[in-house]
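Undergrad: I have a structure here, written as structure tokens, and I will follow up with some questions on it.
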Amino acid sequence: MVFWVFGYGSLLWNPGFNYDDRIIGYIKSYKRVFDLACIDHRGTPQNPARTCTLERSEGSICWGAAYCVRGGPEKERLAMEYLERRECEYDSKTLVEFYTESDASKPILTGVIVFTSTPDRASNKYYLGPAPLEEMARQIATASGPCGNNREYLFRLEKSMQDIGHEEQYVIELANEVRKVLGSANAVNEVETVPASLSAQGPIKSQTQLSAFQLPLRRSVAVATDS
């Protein structure tokens, strides 16, 4: 028995389980969205983080990595138990077809497991739903939990997509908006604590004296599909 699982979030940079193969590719009719609450890793119940899940979207594709686990029932059991504990905020396991760049018309794998969340606030307490980009960015910029802060999760996802050669405009735009929030907060804090010797020299010039606190924005990329 062998199973494959599709990683599209933190599994891309931190699988956390023993696997035997990893293939870069994509699944069809899904898009990545930051509509899921995380209250025990990157956030808390009082200040939940926003992490990504998948939403059905005809015509879209979602790039990621498929991980293979083989080697007997015990190894597979341990890997699946780990994944189910880790992905406890995802209330659905779906089987999907997995494609690579070599052939977009025929899947290279079938029956690949993907953890997703039910987009229904009534049945899924972790589902936050969509929000304006600016609102999501403020939430991501400030949330943190036992495993780290929410912005690190987003920035690592952005870097992972770059590493596999398939940057995603949605992720880049959200990361850039978070950088704006962080840059504004740092600039305000710096102005509030500016030394008297500096303030006596005249007004603060944001493009010079505060330039070190402005995180660089990344260039958006054009994509052929709504992924």
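The values are calculated or read from the model by the stated rules, or taken from the named source; none is laboratory data. This is a predicted model, so every value here is computed, not measured. Cβ: placed from backbone, ideal geometry, glycine included. Neighbour counts: every protein chain shown.
Undergrad: Inspect all residues belonging to the range 33-40 and state whether any of them is at pLDDT 95 or above, on the phi > 0 side of the Ramachandran plot and not hydrophobic (A, V, I, L, M, F, W, C).
TA: no
Undergrad: Filter the range 27-59 down to residues that are touching an Asp or Glu at 6+ places or on another chain (Cβ under 9 Å), touching a residue at least 60 places away in the same chain (Cβ under 8 Å), in a strand (DSSP E or B) and not aliphatic (A, V, I, L, M), then give me how many there are.
TA: 13
Undergrad: Oh, and also: Which one is surrounded by the most Cβ atoms within 10 Å (Cβ to Cβ) among residues in the range 122-143 that are of a type in the set (D, E, K, R) and within 19 Å of THR44 (Cβ to Cβ)?
TA: ARG138
Undergrad: Another one. Inspect all residues belonging to the range 158-169 and state whether any of them is hydrophobic (A, V, I, L, M, F, W, C) and at pLDDT below 50.
TA: no
Undergrad: Another question, then. Yes or no: GLU89 buried (at least 19 other Cβ atoms within 10 Å of the Cβ) and either modelled with pLDDT under 95 or over 18 Å from the mean Cα position of the chain (by Cα) (or both)?
TA: In short, yes.
Undergrad: Among the residues of the range 60-118, write down those that are among the small types (Gly, Ala, Ser) and outside any strand (DSSP E or B).
TA: GLY71, GLY72, ALA79, SER102, ALA104, SER105, SER117, listed by residue number.
Undergrad: Related question: Across the range 156-169, what is the number of residues that are part of a helix (DSSP H, G or I) and surrounded by 20 or more Cβ atoms within 10 Å (Cβ to Cβ)?
TA: 3
Undergrad: I would also like to ask the following. Identify the residue in the range 170-204 that is among the β-branched types (Val, Ile, Thr), more than 30 Å from LEU12 (Cβ to Cβ) and in a helix (DSSP H, G or I) and, among all such residues, is modelled with the highest pLDDT.
TA: Checked the range 170-204; the qualifying residue modelled with the highest pLDDT is VAL188.
Undergrad: Check whether at least one residue in the range 6-26 is on the phi > 0 side of the Ramachandran plot, part of a loop (DSSP other than H, G, I, E, B) and small (Gly, Ala, Ser), and report yes or no.
TA: Scanning the range 6-26 turns up at least one residue that is on the phi > 0 side of the Ramachandran plot, part of a loop (DSSP other than H, G, I, E, B) and small (Gly, Ala, Ser).
Undergrad: Inside the range 20-39, can you point out the residues that are under 30 Å from GLY71 (Cβ atoms) and surrounded by fewer than 21 Cβ atoms within 10 Å (Cβ to Cβ)?
TA: ASP20, ASP21, ARG22, ILE23, ILE24, LYS28
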